[in-house]
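**Student:** Here it is: the structure, laid out below.
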Amino acid sequence: MNKAFIAIHCDTGKENPIIRKLMEIKGVSEVTGTLGLYDIIAKVEAQDSKELESIITTKIRRIPNVLTTMTLMVI
């Protein structure tokens, strides 16, 4: 099982709709709002690194109002 934490920076005031969309994505196991440079942290779990990459690039990064992401791979 591969795991990563995704730090998400989004448009101001769009945190709650993004959090709701994140919770609908298969593989996203936890989502929480944060204060600071990043607005949301999501925990993603997948069977392999290819699936993990797909979740991040084709689902999370394409959510409207997501500006930037930073991926922290769990070792």
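Nothing in this text is a laboratory measurement; each read-out follows from the coordinates by a stated rule. Since we're looking at a predicted model, the values are computed, not measured. In this analysis, Cβ positions are derived from the backbone assuming ideal geometry, glycine residues included, and neighbour counts consider all displayed protein chains.
**Student:** Under the rule of -39500 (n - 2.57) per DSSP H run of 4 or more residues, summed and divided by the residues of the chain, what mean residue ellipticity at 222 nm is obtained, to the nearest 500 deg cm²/dmol? If you can, show how the numbers build up before the last one.
**Tutor:** On the way: 2 runs with 15 residues, N = 75.
Mean residue ellipticity at 222 nm (helix-derived): -5000 deg cm²/dmol.
**Student:** With the radius of gyration and the Kirkwood radius both derived from the Cα set of the chain, what is their ratio Rg to Rh?
**Tutor:** Numbers: Rg = 11.2 Å, Rh = 12.1 Å.
Reported Rg/Rh, Kirkwood definition of Rh: 0.93.
**Student:** Still on this structure, I have one more. Work out the length of the dipole vector of the chain about its Cα centre, built from +1 on the beta-carbon of each Lys and Arg and -1 on the beta-carbon of each Asp and Glu, and round it to the nearest 20 debye.
**Tutor:** Details: 10 positive and 9 negative charges, 31 e Å.
Charge dipole of the chain: 160 debye, to the nearest 20.
**Student:** Work out the count of Lys pairs in the chain where the Cα-Cα distance is under 15 Å, with the pair 8 or more places apart or on different chains.
**Tutor:** So the count of such lysine pairs works out to 10.
**Student:** Taking the Cβ of each residue in Ile19, Ile60, Ile75, Ile8 as the centre, tally the other Cβ atoms inside 10 Å and list the residues starting with the fewest. Could you put the intermediate results ahead of the total?
**Tutor:** Values: Ile19 17, Ile60 22, Ile75 4, Ile8 25.
Arranged by neighbour count, lowest to highest, Ile19, Ile60, Ile75, Ile8 become Ile75, Ile19, Ile60, Ile8.
**Student:** Right, next: What net charge is computed for the residues neighbouring Met1, neighbours being all others with C-beta under 15 Å from the C-beta of Met1, Lys and Arg scored +1, Asp and Glu -1?
**Tutor:** On the way: positive: Lys3, Lys26, Lys43, Lys50; negative: Glu30, Glu45, Asp48, Glu51, Glu53.
Surrounding charge for Met1 is -1.
**Student:** Give me the extension gain from Leu37 to Thr71: residue separation times 0.36 nm, minus the current Cα-Cα distance, reported in nm with one decimal. Walk me through the intermediate numbers first.
**Tutor:** Details: separation 34, 0.36 × 34 = 12.24 nm, distance 1.40 nm.
Here the answer is 10.8 nm.
**Student:** List, in order, the whole-Hz ³J(HN,Hα) value for each residue of the range 34-49 obtained from phi through the Karplus relation with A = 6.51, B = -1.76, C = 1.60 and θ = phi - 60°; use x for Gly and Pro.
**Tutor:** Listing the rounded values in order: 9, 10, x, 4, 10, 9, 9, 10, 10, 9, 10, 10, 8, 5, 8, 5 Hz.
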